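Q: Below you'll find the structure I mean.
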């Protein structure tokens, strides 16, 4: 029997019915309701996947294409000279036309796998160390995503150039082991380009006794994959460290920061120098590869952070869903590692700046700064902790008023 409160009858529901309906409704809404995307908190895996899946798909497609081209034979036909033929006697002098291609083959001092491991693990170590203090999921996410942008796109770029253009390595003759007499056999001269040109100097890879992947690799010297990978990683890490440590910023940093900043660049130069020593590449191969890596490192960093060089905002990870607008204490403004000069704290109390262009809504530069000519104590300087919030004392004359 239903109970009464005064003259009102209270209808009883079967026990547990409402609870089960509420639970099902909550589960239904949790599946279809879109979780808000905010840089201020760590997302669920579903939200992260929803905003990142286009990048993941693109990375997989580019990676598969790059691996396929890497294992494909080079396109086109490249001719090369062998030895000098005496113009009067027609005899082979044995003098190599291009001595720069006649270096002996030797194992690489730093193999491709070691180069790739250094390029991945060293930056990843610094990204993880930075999160001990920063503790921001989205900053770590942007650092990793941008890092993958730099590595994968630069590697794919150089693989396409290697496959389509390539070049002969300094140890090409030693790998090829050419036999010019094979050119007399039709089976080894299907192109008709062996023993042609002036004094019949020029040959193709058909006369090489080494075939397959080792020969293809010897014909794909330009650009250097080692230098592309290591410079993409090192320059990206360089930009990250500069932003998080505020090395080139608004205060005088310690010298150890400068040394740490250029540590990855030194490592990249040493790796590339080893390629010259073991005769894996020509100097121009390395220069081209380094240029590709640097280009993609700058591009990738700018895609995921608000600026490359502007010390005010180059540490702030960008949101995928909204346009970045700078303001004091804006989203991500505390994602720095250093505590010096008031960073990671309320700063610039007496000097507020609005960035020009797309970073602000009106595209104008409005600089709020003033000098307060009032007495201030050292305690006030320590409290604000920033060189941008200093108060200027009004100069006082020690000589007193002058007589007329």
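The values are calculated or read from the model by the stated rules, or taken from the named source; none is laboratory data. Please read these numbers as outputs of a predicted model, since none were measured by experiment. As a convention, Cβ positions derive from the backbone with ideal geometry for all residues, glycine included, and neighbour counts pool all protein chains shown.
Q: Taking residue 142 as the residue in question, decide whether it is touching a strand residue (DSSP E or B) at 6+ places or on another chain (Cβ under 6 Å) and within 20 Å of residue 48 (Cβ to Cβ).
A: For residue 142, the condition - touching a strand residue (DSSP E or B) at 6+ places or on another chain (Cβ under 6 Å) and within 20 Å of residue 48 (Cβ to Cβ) - is met.
Q: Which of the residues that make up region 173-198 are in a helix (DSSP H, G or I) and over 11 Å from residue 82 (Cβ atoms)?
A: 174, 175, 181, 182, 184, 186, 187, 188, 198
Q: In addition: Looking at region 131-144, which of the residues that are touching a helix residue (DSSP H, G or I) at 6+ places or on another chain (Cβ under 6 Å) and crowded, with 20+ Cβ neighbours inside 10 Å is nearest to residue 239 (Cα to Cα)?
A: Ranking the qualifying residues of region 131-144, first place goes to 143.
Q: I'm trying to understand the selection: among the residues of region 92-141, which are in a helix (DSSP H, G or I) and free of Cβ contacts under 8 Å to residues at least 40 places away in the same chain?
A: 99, 113, 114, 117, 121, 124, 125, 128, 129, 131, 132, 140
Q: Quick one: is residue 13 modelled with pLDDT under 80, assigned to a loop (DSSP other than H, G, I, E, B) and farther than 30 Å from residue 218 by Cα? Let's see the steps before the verdict.
A: Details: modelled with pLDDT under 80: yes; assigned to a loop (DSSP other than H, G, I, E, B): yes; farther than 30 Å from residue 218 by Cα: yes.
Taking the combined requirement at face value, the residue satisfies it.
Q: Now, a different point. Consider residue 260 carefully, then state whether it is closer than 20 Å to residue 130 by Cβ, surrounded by 14 or more Cβ atoms within 10 Å (Cβ to Cβ) and in the same structural domain as residue 124 (by TED's automatic domain parsing).
A: On the way: closer than 20 Å to residue 130 by Cβ: yes; surrounded by 14 or more Cβ atoms within 10 Å (Cβ to Cβ): yes; in the same structural domain as residue 124 (by TED's automatic domain parsing): yes.
So residue 260 fits the description; yes.
Q: Here's a check for you: in region 332-358, which residue that is buried (at least 16 other Cβ atoms within 10 Å of the Cβ) and in a helix (DSSP H, G or I) is modelled with the highest pLDDT?
A: Looking at residues that are buried (at least 16 other Cβ atoms within 10 Å of the Cβ) and in a helix (DSSP H, G or I), I get 340.
Q: Please state which one of 321, 329, 361 is at pLDDT below 50, surrounded by fewer than 16 Cβ atoms within 10 Å (Cβ to Cβ) and assigned to a loop (DSSP other than H, G, I, E, B).
A: 361
Q: Right, another one. Could you say whether any residue in region 312-325 is more than 19 Å from the chain's Cα centre (by Cα), in the same structural domain as residue 137 (by TED's automatic domain parsing), within 25 Å of residue 54 (Cα to Cα) and touching a residue at least 60 places away in the same chain (Cβ under 8 Å)?
A: Among the residues of region 312-325, at least one is more than 19 Å from the chain's Cα centre (by Cα), in the same structural domain as residue 137 (by TED's automatic domain parsing), within 25 Å of residue 54 (Cα to Cα) and touching a residue at least 60 places away in the same chain (Cβ under 8 Å), which makes the answer yes.
Q: Further question: Being in a loop (DSSP other than H, G, I, E, B) and at pLDDT 90 or above: is that true of residue 231 here?
A: no
Q: Run residue 288 past the list (1) more than 28 Å from residue 111 (Cβ to Cβ); (2) assigned to a helix (DSSP H, G or I) and report the number of the one that doesn't hold.
A: It is condition (1) that residue 288 fails.
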